[in-house]
Amino acid sequence: MALKFYDTPFHVTHDNETASKMAMKMDLSIMLSNLIKEQGWTQVEAAEKLGIKQSRISDLKNAKIEKFTIDAMFDMLDTLGFRVPYVYAFTA
């Protein structure tokens, strides 16, 4: 039996579109958590900077990606001054 490889763990149990969005949300949550850690902020401080509740920072740090939209995560990154270079690529 041949081994089957997947792009991400999400692709094992979800359709391609859903899995790709989940993988993107995971990447964004890692970026946000790393930015907060690099600044040395507590969850309360990060929440104040972002204008959200501390419990949302806890959700973010615990990778509860289902509680966030991609737009909300990009808004948080924008608020923190983070800019993402656009990479143009097609996948077959």
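Each value in this text was obtained by applying a stated rule to the coordinates, not by laboratory testing. Predicted model, so just to flag it, every value in this text is computed and none were measured. Heads up, the Cβs are rebuilt from the backbone with ideal geometry, glycines too, and the neighbour counts pull from every protein chain shown.
Helix 70-79 axis versus longest C-alpha principal axis of the chain: approximately 40°, rounded to the nearest ten.
Applying both filters, DSSP loop and at most 15 other Cβ atoms within 10 Å, to the chymotrypsin sites (Phe, Trp or Tyr not before Pro) of region 4-69 gives PHE5, TYR6.
Please work out the FRET efficiency for the pair ARG83 and ALA63, using the Cβ-Cβ distance as r and a Förster radius of 30 Å; give the result to the nearest 0.05. Between ARG83 and ALA63 the formula returns 0.80.
Calculate how steeply helix 16-39 sits against the longest principal axis of the alpha-carbon atoms of the chain, using the helix alpha-carbon long axis, and give the answer as 0 to 90 degrees to the nearest 10. On a 0 to 90 degree scale, this one is about 30.
Apply the a/c threshold of 1.5 to the C-alpha gyration tensor of region 41-85 and tell me whether it is rounded, prolate or oblate. The partial results should precede the final answer.
On the way: a/c = 1.96, a/b = 1.15, b/c = 1.71.
Oblate shape, in that a/c is at least 1.5 and b/c is the bigger or equal ratio.
Taking all Cα pairs closer than 8 Å and separated by 6 or more residues, the relative contact order of the chain comes to 27 percent.
With loop membership from DSSP and a limit of 10 other Cβ atoms within 10 Å, the longest segment of the chain without trypsin sites (Lys or Arg not before Pro) is 5-82.
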